Structures are given as structure tokens and as C-alpha cells.
Amino acid sequence: MNKRFSSMCLAATAAIAAVSVFTAPGHVGAQAAALKVGLVTDVGHVDDKSFNQSTWEGLQAVGKTLNVPVEYLETNDATDYANNINALLDKGDNVIVTVGFNLADATIKAAKANPKVSFIGVDQFQGETVANLTGIVFPEDQSGFLAGVLAARMSKSGKIASVLGTDQVPPVVRFKEGFESGAKYANPKIIVQGTFYPGDISKAFSDPVWGANTAGQAIDQGADVIFGAGGGTGNGALQEAAKRTTPAKPLYCIGVDTDQWLTLPEAHPCLISSAQKLIPPAIEILVTDASKGTLKGGNYTGTVGLAPFHDFDSVVPAAVKTELTTLAAKLASGELTSKGEKGTPAAATMAATMSMTMAATMAPTAAK
């Protein structure tokens, strides 16, 4: 049976087949009387402690700011992407957000068929410009690079590993490539093991057992830092590292997409940071644009960085913190590529902006 989530608790109800539905109550403001925002999640579910959850949190925030209702349809099967988008259209939603690379085709088709509706696709690069569709993309390779540098600097064994969702999703591949490049940049001799989920793409982000087993195998082979980049699958890897860390032989783990310290407390024993894609701010900006009628088709590039170190702030050497902030600025400016090579610097303001972002996200005074 599917479930309707209220803002306070779970309550079983009848719902559209293959989805879970949430509607956030609210009073429509005078300036946005016609605005109604809906979200279609990927199969990782809305509480995946990763990019679905981050998107929903961003929508809730902008819904409160604009004083408009927001809702989601939670996809349980990949075959329901188009049906779920159509379900929101039938309910009168005129701003629709879809999450994940796998929804790109269904989102493009829906946008073309409904030109008066604004569409926002998270992690969906738009190769062709559709006037009413904006894709949010991120330089995952850059945050992956920073995570790799951190992992290499913190590793004592000289072996680290990443546990990843499918190689059929470009953002996941970019995370992996950036992580490996960053690790090699910091320590050319380090051994980096990267393993993609081998099964069907529809399960690649929702198999924590496989994630835990894969992380366990890497740990048994000497890896002492685990990077989990694959929704629930990656979460399983983080939790396995958390279970196996000891004071005598500490293990570290690095999350992905959001600050997983706030979403995955089970990983606290090892969670040193997370390679973030700052999805909520991007969602708030674009939905606000849609409310003003100024949303533009094409691609919007979001911000990335590392999450705070939280309880591990005193464990990470000051020199490493300084190095990460410096590298973040160089990546943002183009002075350094995510392959660890010299690039062509862009405007100095880009570097300054990224440097400030990194300083803020890694500040030791961040909430624990």
C-alpha cells in the first residue's frame, strides 16, 4: 500500500498506484496565486538521504518563502516516470521538478507537450534548448576531486575505495573520476579501488546490502577511507565503514550530494565530510524565477563543495583544510582542472566566490 506523508507523521491512505504522495499545506500568496509546484522523485525515494531528499528540502523552503503549495510523487518503479509527471499535470501543477538523469527523456517529452508549464530537471543536462525546461547540472568532478584529496591525506594504509551507483549515470561517473584524480593529486602512490553497481540501473541507488558488502570487501583488502556515491547503495557502504571503525584502527568515510552528517546519523562514527551538490539553493533560485515568469530554458550550473567536518574537525590537520580551500578556489577559477592539471583561469570573482563557499562549508563552527 502506498502512503500519504503529512508534515508531522506517516498515515496510511489510498494513493495513485506506484507512487507515494505528499502535499505540503499552505496558503497561496497574492503574487503567485496560480503557482503550484510538484516534484517527481527517482526510485531512490524522497527520504534517500541524498539528492531526492535535498531537492524536496529545497522545494519545501521555497514553498514557504513564496507561500505556495508544494507536493511530491515518489516513484517506486522506473517505468512510472512519465505517468507520475502526467499525474502532476492532471492535478494542475504548473512548475514540475524531476530528479535524476533517468528522468531526462520523460521530462523533455512532457516539457515539449506542455509549453505553458515550467519544468526543472535536477542532474539533467539539456543538450537541446527547450524554452520551458531548465536542467540543473553540477561539476561533480570538482567536489569529487576535493573528496579524493581529503581521502588521500587522511589515509594511513595508502588504500582507499569508492562504492558507486551505475556507470550509466554521468554525474556518478564524474564523482568517481574526480575522486580518483584528487587522490592521485595528493598522493601519486595511493591505491584507489572504485566499484560500480553491476545490476539493473533501476536498483543501482537502492541496494544498501550490496553497498555494505562491497565496502566490506574493500576494507578487508586494506582500504581505510570509503567514498559512497550512490544514494541508498552508497549509504550502505558508509554504514559498513561506521560499524567497522575502531579507536585502534580508525576508518573514515565520505558521503555525497548533501551533508550526510545531517541525514545519515548511522555513519557518524566514520563520516569525515561529504562531497556536496548544493541542490536546495539552486531549486530555490529557479522556482522563484518560475514564479516571476523569468525561468529560462537550457542549463543552470549549481555550486559544489565539501561539507563541514563536524566531530572530525579537530582530526583534520589545519594544513589539509587550507589546501582544500585553496584547491576549491583554483578549480572554480579554472586554474586547476579536476584531472589535477593546470587550466586556464577564468574571472577572479569566480575563484573568490568558491573560496568563500568552501570557507563557509568547512567552518569549524558549523552545527554538529
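Values in this text are rule-based calculations from the coordinates and carry no lab data. Keep in mind that this is a model prediction, so the values were computed, not measured. Counting neighbours? That spans all protein chains shown, and the Cβs are built from the backbone with ideal geometry, glycine included.
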Tally of Lys pairs whose C-alpha atoms are under 15 Å apart, taken over the range 140-277, 8 or more apart or cross-chain = 8
Approximate spin-label separation T65-K342, in nm, with each point projected 7 Å along Cα-to-Cβ = 4.1 nm
query = Which whole-Hz couplings ³J(HN,Hα) result when phi for each residue of the range 281-295 is put into the Karplus expression 6.51 cos²θ - 1.76 cosθ + 1.60, θ = phi - 60°, listed in order with x for Gly and Pro?
reply = x, 5, 4, 4, 5, 6, 5, 4, 4, 4, 5, 8, x, 10, 5
task = Treat each spin label as a single point 7 Å out from the Cα along the C-beta direction, and report the A113 to I201 distance in nm.
result = 2.0 nm
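Using 0.36 nm times the number of residues separating A82 and K296, minus their current alpha carbon distance, what extension gain do you get?
Working: separation 214, 0.36 × 214 = 77.04 nm, distance 2.26 nm.
Full extension of this stretch gives 74.8 nm more.
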